[in-house]
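**Student:** Let me give you the structure first, and then I'll get to my questions.
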Amino acid sequence: MQVIATIPELRAAIKQSQTAHETIGFVPTMGYLHEGHLSLIRRARQENDMVVVSIFVNPTQFAPHEDLATYPRDHERDLALLHTASADIVFLPAVEELYPSGYTTYVQVEGSISATLCGVSRPTFFRGVATIVTKLFHIVTPQRAYFGQKDAQQAAVIKKMIRDLNFDIDIVICPTVREKDGLAMSSRNTYLTPTQRAQAVGISQALFEARALIENGEHRASHIRQSIETRIAAIDDAVIDYVSIVDATTLADVETLSGETLIAAAVKVGKTRLIDNIQVQISGSI
């Protein structure tokens, strides 16, 4: 496993793979890896000759009041996990490598796809995501890139971006990986106190209860949303950012569930903002 810190060195390593006509699978991360990340890497390992993983806490997707300075980092632990997962290259750049002095170019995916859901309370977030992913795609030049369903809006934004900018990359979305009790895995789960951790599972439980409602024939978005909000409101120290029921592709609000529908929630438990979602397919019967 090569650990590379500079763009020229990474491009040289990738050129060797391209010369050998090897396919490249890419998994961008912000580090502090967990089983969710490792599942993406294993999928990439199955489907590609070379697997490149980036570890970069991207400053442009954090607002000034957010947790850039305290975001969990443990490169030694991450590298050990990546070695076990059989990554070929780990790109571990400094901030200055990707955003040198005088940097002024950003990528913005306009419209409701980035302005809704997390885009309401984090209005600069997806500009930062689109910018860093564009840069990494140009540097790594993968055939496939892997993202988790937990970050459903991010995945939708990236899919829209690659269509609009004509990237020749397959975006592979992999299922959300959960703890045994159902809580979606997240690096930010480490912020939770033991009491908050026990409470946070109520978020996924609210979504699973909503799925059961849908399976029993409830397709009215307002009723499903109310069920989720009532369940989450019962969690101590929980403050709802949003509960939204939207078209899974456009992220436009729906009144009645049909086709592929995303049911998403963002909730602060204490000071920790957690996101989760489920996706359902409505086609006459579930």
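**Student:** So which residues in the stretch 192-221 are farther than 13 Å from I245 by Cβ, buried (at least 17 other Cβ atoms within 10 Å of the Cβ) and touching a residue at least 60 places away in the same chain (Cβ under 8 Å), if there are any at all?
**Tutor:** L192, Q196, Q199, A200, I203, S204
**Student:** Kindly list, by first and then second residue, each pair from a residue in the stretch 32-49 that is closer than 11 Å to F147 by Cβ to a residue that is modelled with pLDDT of 95 or more and of a type in the set (S, T, N, Q), limited to pairs with Cβ atoms under 8 Å and residues at least 6 apart or on different chains.
**Tutor:** Cβ pairs passing all conditions: G36/T176; G36/S186; H37/T29.
**Student:** Quick check on V52: is it touching a strand residue (DSSP E or B) at 6+ places or on another chain (Cβ under 8 Å) and under 15 Å from G148 (Cβ atoms)?
**Tutor:** Criteria not met by V52.
**Student:** Would you confirm, using the coordinates I've provided, whether E76 is touching a Ser or Thr at 6+ places or on another chain (Cβ under 9 Å) and of a type outside the set (S, T, Y)?
**Tutor:** For E76, the condition - touching a Ser or Thr at 6+ places or on another chain (Cβ under 9 Å) and of a type outside the set (S, T, Y) - is not met.
**Student:** Going residue by residue through the stretch 80-100, is there one that turns out to be closer than 26 Å to L192 by Cα, touching a Leu at 6+ places or on another chain (Cβ under 8 Å) and not in a loop (DSSP other than H, G, I, E, B)?
**Tutor:** yes
**Student:** I would also like to ask the following. Does the stretch 157-170 contain any residue that is of a type outside the set (V, I, T), within 19 Å of D247 (Cα to Cα) and assigned to a strand (DSSP E or B)?
**Tutor:** No, because not a single residue in the stretch 157-170 is of a type outside the set (V, I, T), within 19 Å of D247 (Cα to Cα) and assigned to a strand (DSSP E or B).
**Student:** Now a separate question. Out of the residues in the stretch 1-56 meeting the condition of being under 24 Å from E76 (Cβ atoms) and hydroxyl-bearing (S, T, Y), tell me which one is surrounded by the fewest Cβ atoms within 10 Å (Cβ to Cβ).
**Tutor:** In this case the residue turns out to be T6.
**Student:** Considering only the stretch 171-203, how many residues are part of a helix (DSSP H, G or I) and over 24 Å from I113 (Cβ atoms)?
**Tutor:** Residues in the stretch 171-203 being part of a helix (DSSP H, G or I) and over 24 Å from I113 (Cβ atoms): 13 in total.
**Student:** Could you identify the single residue in I132, I169 that is hydrophobic (A, V, I, L, M, F, W, C), in the same structural domain as H21 (by TED's automatic domain parsing) and under 19 Å from P59 (Cα atoms)?
**Tutor:** I132
**Student:** From the list T272, T249, T230, T261, which one is at pLDDT below 95 and not basic (K, R)?
**Tutor:** T249
**Student:** Hey, another quick one. Condition check: among the small types (G, A, S), in contact with a strand residue (DSSP E or B) (Cβ under 6 Å, 6 or more places away or on another chain) and assigned to a helix (DSSP H, G or I). Does A206 satisfy that?
**Tutor:** So A206 does not fit the description; no.
**Student:** What about T60, is it surrounded by fewer than 18 Cβ atoms within 10 Å (Cβ to Cβ) and not assigned by TED's automatic domain parsing to the domain that holds D253?
**Tutor:** No; evaluated as a whole, the condition is false for this residue.
**Student:** May I pose another question? Exactly one condition in (1) over 25 Å from F56 (Cβ atoms); (2) in contact (Cβ under 8 Å) with a residue 40 or more places away in the chain; (3) not assigned by TED's automatic domain parsing to the domain that holds T272 is false for D181; which is it?
**Tutor:** Condition (2) is where D181 drops out.
The values are calculated or read from the model by the stated rules, or taken from the named source; none is laboratory data. Not measured: the values here are computed from a predicted model. Because the Cβ atoms are built from the backbone with ideal geometry, glycine has one as well, and the counts that use them run over all protein chains shown.
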